[in-house]
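Asks: Once you've had a glance at the structure underneath, I'll fire off some questions.
The values are calculated or read from the model by the stated rules, or taken from the named source; none is laboratory data. Quantities reported herein were computed from a predicted structural model and do not represent experimental measurements. Virtual Cβ from ideal backbone geometry, glycine too; neighbours counted across all protein chains shown. The area values use the complete protein model at the heavy-atom level, side chains included, leaving out ligands, DNA and RNA. Shrake-Rupley method; radii C 1.70, N 1.55, O 1.52, S 1.80 Å.
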Amino acid sequence: MQVIARSNDAVRLSFLQVLLADAGIETRLLDAHASAIEGSIGAIPRRLVVADADAERARRILAEAGEG
């Protein structure tokens, strides 16, 4: 798994997940629970990850969408 985005913005992360899902790329969101437990003050950003085999394509898709 490779991290392709880090953010505390749940809306942005949701958008990125949908964008990649539309391209057939499965994502996982890590640290969501830790981020919520710490009070969402921004100390622990959530990480969006994809499989190693999809990482290059995912980064390209995000870059084309202006999210790279």
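Asks: Between a residue in the range 9-24 that is at negative phi and any residue that is part of a helix (DSSP H, G or I), which pairs come within a Cβ distance under 6 Å, given they are 6 or more apart or on different chains?
Replies: Pairs that qualify, where the first residue is at negative phi and the partner is part of a helix (DSSP H, G or I), are L20/A58; A23/I61.
Asks: While we're here: What's the total number of residues in the range 41-68 that are loosely packed, with under 11 Cβ neighbours inside 10 Å, at pLDDT 95 or above and not in a helix (DSSP H, G or I)?
Replies: Residues flagged as loosely packed, with under 11 Cβ neighbours inside 10 Å, at pLDDT 95 or above and not in a helix (DSSP H, G or I) within the range 41-68 amount to 0.
Asks: Still on this structure, please answer the following. Tell me, which residue of the range 23-33 that is of a type outside the set (A, V, I, L, M, F, W, C) and more than 18 Å from D52 (Cα to Cα) is most open to solvent (accessible area, probe 1.4 Å)?
Replies: Filtering the range 23-33 for residues that are of a type outside the set (A, V, I, L, M, F, W, C) and more than 18 Å from D52 (Cα to Cα), the one most open to solvent (accessible area, probe 1.4 Å) comes out as H33.
Asks: Considering only residues that are assigned to a helix (DSSP H, G or I) and exposed (fewer than 13 other Cβ atoms within 10 Å of the Cβ), which ones fall in the range 1-17?
Replies: V11, S14
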